[in-house]
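Report on one structure; see the data block that follows.
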Amino acid sequence: MEILKTSFGRRSFLKASAAGGGLALSFNLATAPNALAADAKSAPSEWFELNAVLSIQPSGAIQVRVQNPEFGQGLMTTFPMIAAEELEANWEDVTSVTAPYDQSRYKMQLSGGSWSTSMNYPGLRMAGATALHMLKTAAANAWNVPVEDVNAANSVLSHSGGKTATYGEMAAAAAILPVPEKVALKDKKDFSIIGTSRKNLTGSQVVKGDSLFGIDVREKDMLRAVVVHAPAFGLTVDSFDAESVKRMPGIHDVFTIKMYPDDLVRGFSDVAAFREVIAIVGDHTWQLMKAKKALKVNWKVEDSYSFTSSDFFGNQNKVTVPKGLEDTATHNAIMAAMVETGEMETKRKDGDPMAAFANAAKVVEHTYHAPFLAHNTLEPMNFYADVKEDSAMLIGPHQGPMLIHNTVAAHIGLPAEKIDFKMTRMGGGFGRRLYPHWATEVSLISQRVKRPVHLIYTREDDMTVGVYRPSYTIKMRAALDANNKIIGYHVRSAGTPEACSFPNRFPAGAIDNYLWEESPNVSNITVGAFRAPNSNFMASAEQSFLDELAEAMGADPIQMRLDLLKRAQENPVGTDNDYDAVRYASVLELARDKSDWNNRGDKNMGVAAYFCHNSYCCNIVDIDMKNGLPVINSVTSALDCGQVVNYEGAINMAQGGIVDGVGISMFGEMTFVEGQPQHKNLDTYRMVRINESPRAIDVHFVKNEHGPTGLGEPPMPPTPPALANAMYKATGHRFRNQPFITDLETLKS
Amino acid sequence: MTTYSLNINNQNIVVDVDPDTPMLWVLRDSLDMVGTKFGCGAGACGACTVHINGAAVRSCQLPVSAVGEANITTIEGLAYDATKLHPVQEAWLAHDVAQCGYCQPGQMMSAAALLSQNPNPSDADIDAFMQGNICRCGTYTRIREAIKTAAKA
């Protein structure tokens, strides 16, 4: 067995490992671990690697390699907690580092979809349990006792005969043992780390301002670069004056780079609106920013073009990008017409919805709308690349190297295995860093100038380059009979350039006659996943509409939802309903009880619940209006995300999701005139600030036997509709259009 | 390029940069002091907040030529010494404020400046002083609590 020596500390250990040191002991988290022959004599003295996740030092220090990139979801603490639980480790011994990118050892090194914890929970437990078994076996061998008689607790091995040893003392012997084929996992009732609160293991680095982020990368001989993209979607480079800018201080070169090779089948992540951008390379960021402003460019309208795209599951289709300079007003008019009379694709039909509406005693129908949103991660897009003739090293913040690996390889003409990635901490992701076109750009720049280069986007670049949350218009209809029973439900979903498509979510399954129709409005404005993709607005349309429907029915908004869920549980319509009605109801009941909803009196409280990313969340918002704006007194959040690993971290995550929900629905908006984004920086693109955020956010978790499910996304979608429903109570105005600030300002005047 | 002699975190440091270079980029590019963050370059997000003679200033809006002999403190110099963090940093850890952590150096520099001029701020004081600092992860409720804890230290 080959074990890495880290005589220069943690960083060199990571470097050596990332360089492909040929580690013999493989631990593929998706499958059982492999045991391989090993030679004790080759073992160095410092870190003993028990598997791809865990290493132990003779001192007793335990290092957990976290295989997914961190962007604030707390994996650098959560993952170690899971492994340490099964390892019976003393938590004080545990530290964490970002794992190298290595697809042979780790599966799906990608953060997104709220799946990191749920997907890695079994593997991390196995990593801890197998390592523990190896430590116990090493002790059993040393003490000449049966392994079954060796006990472990708090990083100490012991035998009833009186012998004890620390994990550190047994690490060298354990590291060369075969990995057990089977290990027993702990009973949940015996957990002492999972389900408790542990401080963020990277907290101290954050508060000291340590170099953690991609933008902090400083490598030897590194140049810096910026890019200039067209000021409007639908434009491209015609000509530019490189020479005058090249003469500016600190500027090395100015040239264009082209995205993507014509024959490239674009992957899920290959989203870039601007196929040709101008790169400026130089010494100092400030000099580059001045050069960027000074560069004179003539732009021209780009013709329509097509490419082949492969989705996340490998299905190929042809995409045609339309020509033209688009306006928000036109988008909105097209979507408004679409939901009224446009031809749409039927995605689900139960019973006879048209007859239900024809026979209805009352029809309730309303249309809801949301604009494009920019992600605005606080760390702007940036990436480092050192492309050499026979290899390349890329370093930076991105949600997963696998997203861009093959694209970079195709662009720079190197085999994929010659391209190495390092994952840095990200200053926010929210979906934006699933589309790392900037990693491709910097690779091309580095290849051209034959130097390591760090590309940095200005905030203006970041906000105007695309990959937005789509814009939506959704018409919701319900048919009531003479007894105010819902007999029909109809959704007409439009979006630019994609529509919300959740035909099998609640209340599907609870209503006999149901119809879901949808249609996209094509556009050359690029979009991508934005925290709780599409759910982030579908919840608003659905849960605001249910509030209006409850009012029309004369029903309590929570009881009305519970009645529908009871129907879905006892006698579901159809078989494709993608939620568990019992778990859904449990969050409504928990939030109702914790917020004292039934005794709310005159309080302006609004409720909404939603299921996405395999988790359930109900938020109840309590507001007062002051100077025409909501003061959010409290948000009571009830969540079912299965097993909570780190309580304090989970509460923080939920609070953040709720604040994000308030922010995007109150203020978030990107609009276009003749293809030009109308907001370019945070001075006019309004983000929620401390004075506008809730005064208190109380988070409660349903306790059950389910394993962990998503948490990064589910608390956000039910926040905007709960806020809208509370503001209705306070103002008598229904907030159907986001951002709410537009209506609030109209109401004020 | 012009030579400037700066007082940063109680050290005298000489840099050679264009006079209009914002302090943010002097710190980040010339001195590789990367704790001070670039967020917007427009003074609109607070990620680049440093102290100039104890007052919170957006370093992206402060040309190096305007600094003179003022004392500059960055997040790297906020702690009392290598073993003792500033009470704001301690409170940030106690409340586990950070998510991604990118804005937090700027948040802490603003919070420390607030507490130096108002040792016992109300919620309204905190909201008024801190609203120039965006936290994209939405850790605001914890920031409020951490500032109150730091005030008691």
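The values are calculated or read from the model by the stated rules, or taken from the named source; none is laboratory data. A quick note: this is a predicted structure, and the numbers were derived from the prediction, not measured. Heads up, the Cβs are rebuilt from the backbone with ideal geometry, glycines too, and the neighbour counts pull from every protein chain shown. For accessibility, only protein heavy atoms count, side chains too; no ligands or nucleic acids. Shrake-Rupley method; radii C 1.70, N 1.55, O 1.52, S 1.80 Å.
Here are some notes:
- Region A:472-495-region A:70-104 distance, computed between alpha-carbon centres (Å): 46
- Cα gyration tensor, region A:209-331 - rounded (a/c under 1.5), prolate or oblate: oblate
- Shape category assigned to region A:567-618 from the gyration tensor of Cα positions, a/c cut at 1.5: prolate
- The spacing between region A:268-328 and region A:390-428, judged by their C-alpha centroids, is 19 Å.
- For the segment A:65-72, counting C-beta atoms of other chains within 10 Å of every residue's C-beta and taking the mean gives 2.
- Close amide H partners of A:Ser96, meaning residues 5 or more places away or on another chain with modelled amide H under 5 Å apart, are A:Val64.
- Normalised contact order of chain A, rounded percent, pairs of Cα under 8 Å and 6 or more residues apart: 13
- Share antiparallel - DSSP beta bridges, chain B, percent rounded to 5: 90
- Candidates B:Gln104, B:Gln89, B:Gln131: whichever shows maximal mean-square fluctuation once chain B is modelled as a Gaussian network with Cα springs under 10 Å: B:Gln131
- Distant-in-sequence amide H partners of A:Gly495 (H built 1.01 Å from N, under 5 Å): A:Thr473, A:Ser519, A:Asn521
- Entries in A:Lys318/A:Lys422; A:Lys475/A:Lys703; A:Lys107/A:Lys349; A:Lys362/A:Lys729; A:Lys626/B:Lys148 that, when Cα-Cα distance is taken, lie over 28 Å: A:Lys318/A:Lys422; A:Lys475/A:Lys703; A:Lys107/A:Lys349
- Rounded if a/c under 1.5, otherwise prolate or oblate - region A:214-272, Cα gyration tensor axes: oblate
- Length added when fully stretched, A:Glu570-A:Glu589, from 0.36 nm per residue minus Cα-Cα: 5.1 nm
- Once exposed loop GluC sites (Glu not before Pro) are cut out (DSSP; at most 14 other Cβ, 10 Å), longest piece of chain A: A:390-673
- Between A:Lys388 and A:Asp481, the simple label model (points 7 Å from Cα in the Cβ direction) yields a spacing of 7.6 nm.
- Under Karplus coefficients 6.51, -1.76 and 1.60, residue-wise ³J(HN,Hα) of region A:697-707 in Hz, glycine/proline x: 10, 9, 10, 10, 10, 6, 9, 8, 9, 6, x
- Candidate residues A:Phe672, A:Phe240: accessible-area rank, largest first, probe 1.4 Å: A:Phe240, A:Phe672
- What region B:87-152 shows is 28 Å² of accessible area per residue, with the surface traced by a 1.4 Å probe over protein heavy atoms.
- Listed peptides B:4-15, A:93-104 appear in the order A:93-104, B:4-15 once ranked by packing, highest mean of other Cβ atoms within 10 Å at the front.
- Region A:578-670: trypsin sites (Lys or Arg not before Pro) falling in loop per DSSP and having at most 16 other Cβ within 10 Å: A:Arg600
- Per-residue ³J(HN,Hα) for region A:619-630, Karplus 6.51 cos²θ - 1.76 cosθ + 1.60, θ = phi - 60°, Hz, x for Gly and Pro: 10, 10, 10, 10, 10, 10, 8, 9, 6, x, 10, x
- Extension gain for the segment A:Val363 to A:Glu148, taken as residue separation times 0.36 nm less the Cα-Cα distance, is 70.5 nm to one decimal.
- The simple spin-label model puts a point 7 Å past each Cα toward its Cβ; for A:Trp299 and A:Asn317 those points are separated by 2.9 nm.
- For the protein assembly as shown, the equivalent ellipsoid derived from the alpha-carbon gyration tensor has semi-axes of 42, 37, 29 Å in decreasing order.
- Going by accessible surface with a 1.4 Å probe and the largest first, A:Leu124, B:Leu31, A:Leu185 read A:Leu185, B:Leu31, A:Leu124.
- The share of Cα pairs per 10 Å bin across region B:2-76, counted from zero up to the longest distance, runs 22, 62, 17 percent.
- Of the accessible area of the protein assembly as shown, computed with a 1.4 Å probe over protein heavy atoms only, carbon and sulfur atoms account for 49 percent.
- Estimated distance in nm for a label pair at A:Glu345 and A:Ser160, the labels positioned 7 Å out from Cα along Cα-to-Cβ: 6.6
- Interface residues, region A:184-220 - accessible area loss of 20 Å² or more versus chain alone, probe 1.4 Å: A:Lys199, A:Asn200, A:Val206, A:Val207, A:Lys208, A:Gly209, A:Phe213, A:Ile215, A:Asp216, A:Arg218
- Antiparallel DSSP beta bridges within chain A, percent to nearest 5: 75
- Within straight-line cross-link reach of A:Lys290, lysines at Cα separation under 28 Å, skipping those fewer than 8 residues along the same chain: A:Lys220, A:Lys246, A:Lys258, A:Lys300, A:Lys450, A:Lys680, B:Lys37
- Distant-in-sequence amide H partners of A:Thr671 (H built 1.01 Å from N, under 5 Å): A:Gln678, A:His679
- Listed values for region A:243-252 are Karplus-derived 3J(HN,Hα) couplings in whole Hz (6.51 cos²θ - 1.76 cosθ + 1.60, θ = phi - 60°), namely 5, 5, 6, 4, 7, 6, x, x, 9, 9, and x replaces Gly and Pro.
- Degrees separating the helix B:104-117 axis from the principal Cα axis of chain B, which is the longest one: 80
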